[in-house]
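**Student:** This structure is in C-alpha cells; I'll ask about it shortly.
The values are calculated or read from the model by the stated rules, or taken from the named source; none is laboratory data. All of these numbers come straight from a predicted model, not from anything done at the bench. Glycine also receives a Cβ, built like all others from the backbone with ideal geometry; neighbour counts cover every protein chain displayed. All accessible areas refer to the heavy atoms of the entire protein, side chains included, with ligands and DNA or RNA removed. Shrake-Rupley method; radii C 1.70, N 1.55, O 1.52, S 1.80 Å.
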Amino acid sequence: MTDDSYILSDPKTGTQVELPVHRGTLGAPTLDISNLYRDTGMFTYDPGFVSTASCHSSITYIDGDEGVLLYRGYPIEQLAEHCSFIEVSYLLLNGELPKPEQLTAFRSKIVHHTMVNEQMKSFFTAFRYDAHPMAIMVGAVGSLSAFYHDALDVHDPEHRELSAYRLIAKIPTIAAASYKHNIGEPFVYPRNDLGYCANLLRMMFSVPAEPYEANDVSVRALNLLFILHADHEQNASTSTVRLSASSGANPYACVAAGIASLWGPAHGGANEAVLSMLSEIGTVDNIGPFIDKAKDKDDPFRLMGFGHRVYKNYDPRAALIRTICHEVLDGLGDDADPLFELALKLEEIALQDEYFIERKLYPNVDFYSGIIYKALGIPSSMFTVMFAIARTTGWVAHWMEMMADPGQRIGRPRQLYDGSARRDFVGMDKR
Ligand code: CMC
C-alpha cells in the first residue's frame, strides 16, 4: 500500500522524519503517522478528524467535491435503481453483488432471525408511554447481548456472522415495537414471507383487528431510502461503533452506541429536525428570516438538512430523494404536500445566497427524506429510527471488516492537555 514518502522537518533542530504515504484505490493520499510519536515525541492534533483517516476500509467511497458515493465500487444511483435493500446489504457485507442463489440463502438467513425473545416485551413496556423511540432503540438493541450468549465470541467468525444476521433481522422488529409502544397498540410479530420493507411497514401499521397489505409505492420508497442510508464510510455513528468494538465489546452494545451517536441533530437526528424546522417556517414569506437566523453567528440555529463534512457539492442521496419525492407523493395521492413545496423554495433561496455558496452548503440526505417518511404515514419521532434500521447494515459491515483485520488494535486517541500543571493538594481550610 505504501508508494512513496513525505519528509517532515523541524526547522529549529533540522531533524527530519520520513513518513510513508499510502495511496488507496481512490481518494486523497494518506500520510502514515503511526510511528510519529515514537520517532519525534509529537502527537498530531485534528479535532473532529477533519484530516484524519481513522482506518483503512474497502466498503464505501465518497468523493465530496464531485458528489459521488460508491458502495463497494458501485455508484449509489445504479444500486438505487436496480437493487433491493437486502441485495445491497449483501453487497456491503460481502463485497460483491449476490448471485440469485446467494441472495436467496442470505435472505433466508435474515428472515430466520426476525423475532425477538418474548421476554423483551416487558423491556419495552417498562419505558414511559411517551419515551422517544430512539431512547427505546438504544436500550433494546443493547439488551440483545443478554439474550444471545451462544454467539458472543467476537473472535469467532461464525459467531460474528450470526450476530450480523441477528442485528439486521431484529432491528425492524425492535423499531416497530418502539413505535407500537408509543401509540399504545399491540406489538405485531414479523412475517417472514414478506420483504424487509413490507414486513417493517406491516409491523408498524397493522392491527390485529384488520387485514393489512403494504402499499407498493410505500415499499419501493422505503427500499430506496434504506439503500441510500445503508452506509456512509467513517461518519460519527460508524466511527462510534468501530471505537466501541475495538475494545472487544459485543456487537449489540456497539450498535447501541452507534444508535446513540446517530440520534444527535448534527447527524441522523437532522431528518426529524428538518420537519420541525419546515413546520416552524410555515410559509414561503418566512424563509428569509430563517435564512438570516442561520447566517447569524450569534444564533446557534442552523439550516437543518444543509451542509456536510464531506460533501462540498450536492449530496447525491439528496438529489435522488428529491427526484423521487414527486413520484412518491403522486403515487400516494399526496402530491400537494405544502412542506415539500416549502422545502423546494427554501433550497432555491439558500442556494442563491452568498453565505451558502461560499461555504459550499447544499441539501444533505436528511433534507428531503422526512417529506417521504411523512407521506408514508411515519411520524417524525420515528425518522431517525428509520435511518438507524438502514444504517445497521453499514455498522455491521464495518464491524465485520474491522474484526477480521489481523492488525486491529484498541482505538485510543491521545490529547493536547491544557489543564493545570502538577500542583499540590490544598486543604479545605486554605482554598
Ligand atoms: N446552516 C448554516 N450554516 C452552516 C450550516 C447550516 N446547516 N452548516 C454549516 N454551516 C456553516 C458553519 O457555521 C461554518 O461557518 P463559518 O465557516 O463561518 O464558521 C461553515 O458552514 C462550516 O461548518 P462546520 O460546522 O465547520 O462544518 P462541519 O463539517 O463541522 O459540520 C454539519 C457539518 C453537517 C454538522 C453541519 O453542516 C450542520 O450542522 N448541518 C446541519 C445539520 C444536518 O443537516 N446534519 C445532517 C448531516 S448529513 C446526514 C448525517 O450525517 O447523518
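**Student:** What list of ³J(HN,Hα) values in whole Hz, one per residue of the range 192-205 in order, does the Karplus curve 6.51 cos²θ - 1.76 cosθ + 1.60 (θ = phi - 60°) give from phi, with Gly and Pro shown as x?
**Tutor:** With the stated coefficients, the range 192-205 comes to 7, 7, 9, x, 4, 7, 4, 5, 5, 4, 5, 5, 7, 10 Hz.
**Student:** Moving on to the next point. Once fully extended, how much extra length lies between D424 and S9, figured as 0.36 nm per residue of separation less the alpha-carbon to alpha-carbon distance?
**Tutor:** Gain on stretching D424 to S9: 145.6 nm.
**Student:** Take the solvent-accessible surface of the protein heavy atoms, probe 1.4 Å, and return the percent of it on the range 216-333 that carbon and sulfur atoms account for.
**Tutor:** Working: 2480 of 4680 Å².
Exposed carbon and sulfur together represent 53 percent of the surface.
**Student:** Note down the magnitude of the dipole of the chain about its Cα centre, charges +1 on Lys and Arg C-beta and -1 on Asp and Glu C-beta and zero elsewhere, to the nearest 20 debye.
**Tutor:** On the way: 37 positive and 54 negative charges, 300 e Å.
Magnitude of the dipole: close to 1440 debye.
**Student:** I would also like to ask the following. Would you please classify the overall shape of the range 1-57 from the alpha carbon gyration tensor, given that a ≥ b ≥ c denote the square roots of the eigenvalues, rounded means a/c under 1.5, and beyond that prolate means a/b larger than b/c while oblate covers the rest? Don't skip to the answer; put the middle values down first.
**Tutor:** Working: a/c = 2.28, a/b = 1.46, b/c = 1.56.
Note, shape of the range 1-57 comes out oblate.
**Student:** Could you give each residue of the range 219-234 its phi-based ³J(HN,Hα) in whole Hz, using Karplus coefficients 6.51, -1.76, 1.60 with θ = phi - 60°, and x for Gly or Pro?
**Tutor:** Ordered by residue, 3J(HN,Hα) equals 4, 5, 5, 5, 4, 5, 4, 5, 4, 5, 9, 4, 7, 7, 6, 8 Hz.
**Student:** Looking at the square roots a ≥ b ≥ c of the eigenvalues of the Cα gyration tensor of the range 31-150, which shape do they give, rounded for a/c under 1.5, prolate if a/b is larger than b/c, or oblate? Mind showing how you got there, number by number?
**Tutor:** Numbers: a/c = 2.14, a/b = 1.29, b/c = 1.67.
It comes out oblate by the Cα gyration axes.
**Student:** Next question. Hey, what's the range 85-223 come to in accessible area per residue, 1.4 Å probe, Å²?
**Tutor:** Numbers: 6490 Å² over 139 residues.
Heavy-atom SASA per residue in the range 85-223 reads 47 Å².
**Student:** Ignoring ligands, DNA and RNA, what percent of the accessible area of the range 1-97 is carbon or sulfur (1.4 Å)?
**Tutor:** Details: 3150 of 6270 Å².
C and S atoms contribute 50 percent here.
**Student:** May I pose another question? Running a GNM on the chain with Cα contacts under 10 Å, which residue among Y314, Y37, Y368 ends up with the highest mean-square fluctuation?
**Tutor:** Per the Cα network of the chain with a 10 Å cutoff, Y37 tops the list.
**Student:** Turning to a different aspect of this structure: Assign one of three labels to the range 82-230, namely rounded, prolate or oblate, based on the Cα gyration tensor with a ≥ b ≥ c the square roots of its eigenvalues; rounded applies when a/c is under 1.5, prolate when it is not and a/b is larger than b/c, and oblate otherwise.
**Tutor:** Numbers: a/c = 1.95, a/b = 1.17, b/c = 1.67.
Oblate.
**Student:** Still on this structure, I have one more. So who's got an amide H within less than 5 Å of the one on V68, skipping anything under 5 residues away but keeping other chains? H placed 1.01 Å off N, in plane.
**Tutor:** HN-HN under 5 Å from V68: D63.
**Student:** Let me ask you something else. To the nearest µm²/s, what D does Stokes-Einstein give for the range 349-404 at 25 °C and 0.890 mPa s, using the Kirkwood radius over alpha carbon pairs as Rh? Before the final figure, lay out each step's value.
**Tutor:** Values: Rh = 13.9 Å.
Diffusion coefficient, whole number: 176 µm²/s.
**Student:** Can you work out ³J(HN,Hα) from phi for every residue in the range 148-155, in order, using Karplus 6.51 cos²θ - 1.76 cosθ + 1.60 and θ = phi - 60°, giving whole Hz and x for Gly and Pro?
**Tutor:** Ordered by residue, 3J(HN,Hα) equals 10, 5, 6, 9, 9, 7, 5, 8 Hz.
**Student:** Can you count the Lys pairs in the chain whose Cα atoms are under 23 Å apart, with each pair 8 or more apart or on different chains?
**Tutor:** Counting lysine pairs in the chain gives 18.
**Student:** At a Förster distance of 41 Å, what's the computed FRET efficiency of L416 paired with E77, Cβ-Cβ distance as r, to 0.05?
**Tutor:** On the way: r = 42 Å, r/R0 = 1.02.
Efficiency computed from Cβ-Cβ geometry: 0.45.
**Student:** Suppose the chain between Y45 and S247 were pulled fully straight at 0.36 nm per residue; how much longer would it get relative to their current alpha carbon spacing? Could you put the intermediate results ahead of the total?
**Tutor:** On the way: separation 202, 0.36 × 202 = 72.72 nm, distance 2.29 nm.
Difference between extended and current length: 70.4 nm.
**Student:** Which residues' amide hydrogens lie under 5 Å from the amide hydrogen of F306, considering only partners 5 or more residues apart or on another chain, with H built in the peptide plane?
**Tutor:** Excluding prolines and chain starts, which carry no amide H, the hits are N364.
**Student:** I want the local charge near R423. Using Cβ-Cβ distances under 13 Å, sum +1 for each Lys or Arg and -1 for each Asp or Glu among the other residues. Mind dumping the intermediate values first?
**Tutor:** Working: positive: R422, K430, R431; negative: D424.
The answer is +2.
**Student:** With each label point set 7 Å from Cα along the Cα-Cβ vector, what nm distance links S279 and Q352?
**Tutor:** Inter-label distance under the simple model: 2.9 nm.
**Student:** For the chain, list log₁₀ I(q)/I(0) at each q in 0.10, 0.11, 0.12 Å⁻¹, using the Debye formula over Cα point scatterers of equal strength and ignoring solvent, two decimals each.
**Tutor:** The Debye formula, applied to the Cα set alone, gives -0.77, -0.91, -1.06.
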